[in-house]
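Written below as structure tokens is the structure these notes are about.
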Amino acid sequence: MEQPLLIEQGIVYQGGYYGDASGTTGDLRRQVLDEVEVRELLIDHVGHRCCWGSRPARTWKIHAIEDCNVYVGTLETFTEERDTVVEKELYSGGSVEGKDKGPETGIWELDLRSEFPVLFVPYKESRLRIPHSETIEKCSGCDGQGNTVCPTCNADQDPGFYKEGQMTQCTTCYGRGLIAHKDGSDTICLHCKGNGKLPCATCESRGLIKCQTCQGVGSLLTWKVAVVRWRTRSTRKVNATSGAASVPDDVFHRAKGVQLCNNQAYQCTPAYFADSYFLNKFSSEVIAERPSIPTTARMICERHTISVVPVTRVTMTDRNRSFSFYIIGNDREVYMKDYYPSRFCWGLCPCLEWLKL
């Protein structure tokens, strides 16, 4: 089934490359930001943080602006997994669609084209009753008898053996059958009617109770259900310079960059770049980390992308103090890991939740 090619991160670049890990460039120019743009981005970022002051963003000196572009590689493996489970219900009579009506359909012979999702969806599950898989089986809970031994009055009996008429001592008269009064007289215990014993409260001393599995029917109707799961198993890898090493990988995976390759095939092989040994090696490393496929699953398709995410590291100083932040991706998102010099909260406001992002 033909599926549309999905491009999730940035745009596909058809020219030269950003270069190798040392930072040389090809036909594609780096992201260029002047001091005015850098300061405006930081002021906007600070303005969305409760209890953050804007003075450092407005007045501190921009000491350095460094390019720290990051390469992001992904391999998405789209798989289909099929498994069977057995479901049961009480059998109350009627026809059964078993193997006498036709051969049971194999799990990989089921036609699920109407259920097939768009390629590379994160997860989808479908359940389908397998034709001609119904059977009638004897209830294992009661061996088809419909009753089980009472656990109260026949607790020590072996399976299949029980005693009827088992009685318990009356808790009102303690087995006397009489109730003693302060004047020395006795009256018949109304609870046990003077017998001193009571029938089993669980089974009325029958010794048997109705099987809870089959509700006394003794038989169950069983059938097989095919459980089909489509999922995308992802391998992600980031190559960052030392200047961007403190930024979590997830930040780069969320950022929009420029795609240097986007290959889709049944099974992807490493991409080839005629003028970049580094990118060839990086692509091979991503492919080498392909996730393992369970024996109950099959591979449908793979997609391999390599993107370069523009990253600018900015350092600002004021006398002997300094702090750094990053401008990441085509959308120029500001990321600041820990320190900003003008914060006025002490754990009492929501801004600490933003700091965890």
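Out of 324, 284, 276, 292, I need the residue that is exposed (fewer than 12 other Cβ atoms within 10 Å of the Cβ) and not hydrophobic (A, V, I, L, M, F, W, C). Which one?
Going through 324, 284, 276, 292 in turn, the sole match is 292.
Can you find a residue in region 3-14 that is outside any strand (DSSP E or B), in contact with a helix residue (DSSP H, G or I) (Cβ under 6 Å, 6 or more places away or on another chain) and either among the β-branched types (Val, Ile, Thr) or at pLDDT 80 or above (or both)?
no
Filter region 102-125 down to residues that are hydroxyl-bearing (Ser, Thr, Tyr) and touching a strand residue (DSSP E or B) at 6+ places or on another chain (Cβ under 6 Å), then give me how many there are.
Result for region 102-125: 1.
Which residues, taken from region 269-285, are within 17 Å of residue 69 (Cβ to Cβ), hydroxyl-bearing (Ser, Thr, Tyr) and not in a helix (DSSP H, G or I)?
The one that is within 17 Å of residue 69 (Cβ to Cβ), hydroxyl-bearing (Ser, Thr, Tyr) and not in a helix (DSSP H, G or I): 276.
Out of all the residues in region 241-262, is one or more assigned by TED's automatic domain parsing to the domain that holds residue 325 and under 30 Å from residue 112 (Cα atoms)?
yes
Could you check how many residues of region 280-296 are at pLDDT 95 or above and within 15 Å of residue 230 (Cα to Cα)?
Residues in region 280-296 being at pLDDT 95 or above and within 15 Å of residue 230 (Cα to Cα): 0 in total.
Considering only residues that are farther than 30 Å from residue 324 by Cα, more than 21 Å from the chain's Cα centre (by Cα) and modelled with pLDDT of 90 or more, which ones fall in region 65-103?
Listed by number, the residues that qualify are 86, 87, 103.
Looking only at residues that are in contact with a Lys or Arg (Cβ under 9 Å, 6 or more places away or on another chain) and hydrophobic (A, V, I, L, M, F, W, C) in region 215-234, which one is surrounded by the most Cβ atoms within 10 Å (Cβ to Cβ)?
230
Here's the yes/no breakdown for (1) surrounded by 14 or more Cβ atoms within 10 Å (Cβ to Cβ); (2) in contact (Cβ under 8 Å) with a residue 60 or more places away in the chain; (3) in a helix (DSSP H, G or I):
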| position | (1), (2), (3) |
| --- | --- |
| 38 | yes, yes, yes |
| 42 | yes, yes, yes |
| 46 | yes, yes, yes |
| 58 | no, no, yes |
| 63 | no, yes, no |
| 66 | yes, yes, no |
| 72 | yes, yes, no |
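In region 176-268, which strands (runs of 3 or more DSSP E) lie fully inside it and hold 2 or more residues that are aliphatic (A, V, I, L, M), modelled with pLDDT of 80 or more and over 28 Å from the mean Cα position of the chain (by Cα)?
178-180, 208-210, 219-239, 258-265
Assess whether residue 57 counts as being in contact with a Leu (Cβ under 9 Å, 6 or more places away or on another chain) and at pLDDT below 90.
Yes.
Restricted to region 128-172, and to residues that are hydroxyl-bearing (Ser, Thr, Tyr) and part of a strand (DSSP E or B), which residue is farthest from residue 218 (Cα to Cα)?
Result: 168.
The values are calculated or read from the model by the stated rules, or taken from the named source; none is laboratory data. Keep in mind it's a predicted model, so treat the numbers as computed, not measured. Glycine gets a Cβ as well: all are built from the backbone with ideal geometry, and neighbour counts include every protein chain shown.
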